[in-house]
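Read-outs throughout are calculated quantities, based only on the coordinates presented, and are distinct from any laboratory measurement. Please read all numbers here as calculations on a predicted model, not as lab measurements. Here Cβ is always computed from backbone atoms with ideal geometry, including for glycine, and neighbour counts include all displayed protein chains.
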Amino acid sequence: SAAAASFAKAGRGSIINIASVVALFPERFNATYSASKAYVLSLTQSLNAELDGTGVKVQAVLPGVTRTEIWERSGIDASQIPADMVMEVGEMVDTALSGLDQGELITIPSLPNASEWDDFVKARLVMAPNLSRNTAAARYK
């Protein structure tokens, strides 16, 4: 928050938050980790709206499995994860920075088709007008 205010005052800067694909698919991992990554995604989207027009770039990176020390620290044998699911850190970082340069708010390094994310966002926005109403939906009556 302090960095965001400082960057906004300067009229430039970048904020890169590391979330995870489990923010979108929480049932694939443990609840606490998945919820914390969903928070990071939500924070990034909210910050982006708040900082719109200030010259500050905001990005959330949602990597899948990445070869880091987290696996060893959590007691999980990463060699048991299929190799085609594990991205090297350098590849993830390079992709994140490329996404930032392209102006992506959300970068999912392993997602081959960006239109899939766009479709996800469109589906979410379709609900927006109905998320707060003065009466319950007819299906509940």
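Numbers for the structure displayed
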{"item": "Magnitude of the charge dipole, region 2-111, Cβ model with Lys/Arg +1 and Asp/Glu -1, debye to 20", "result": "400 debye"}
{"item": "Nitroxide proxy distance, nm - points 7 Å out along Cα→Cβ at residue 102 and residue 29", "result": "2.2 nm"}
{"item": "Cβ-defined net charge surrounding residue 80, 15 Å radius [Lys, Arg +1; Asp, Glu -1]", "result": "-2"}
{"item": "Among 27-37, 10-20, the order from most to least packed when residues are scored by Cβ within 10 Å on average", "result": "10-20, 27-37"}
{"item": "Burial order of peptide ranges 45-51, 102-108, 112-118 (average beta-carbon count within 10 Å, highest first)", "result": "102-108, 45-51, 112-118"}
{"item": "Distant-in-sequence amide H partners of residue 15 (H built 1.01 Å from N, under 5 Å)", "result": "57, 58, 59"}
{"item": "Chain lengthening between residue 91 and residue 2 when straightened (0.36 nm per residue, less Cα-Cα)", "result": "29.1 nm"}
{"item": "Calculated from backbone phi, Karplus (6.51, -1.76, 1.60) coupling profile of region 30-41 in Hz, x at Gly/Pro", "result": "6, 4, 5, 4, 4, 5, 5, 6, 5, 4, 4, 4"}
{"item": "Top positive-direction residue, dipole computed over the chain with Cβ charges, set 83, 62, 132", "result": "132"}
{"item": "Per principal axis, descending, Cα span of the chain in whole Å", "result": "53, 48, 29"}
{"item": "5 angstrom amide H check on residue 108, placed H, neighbours 5+ away", "result": "62"}
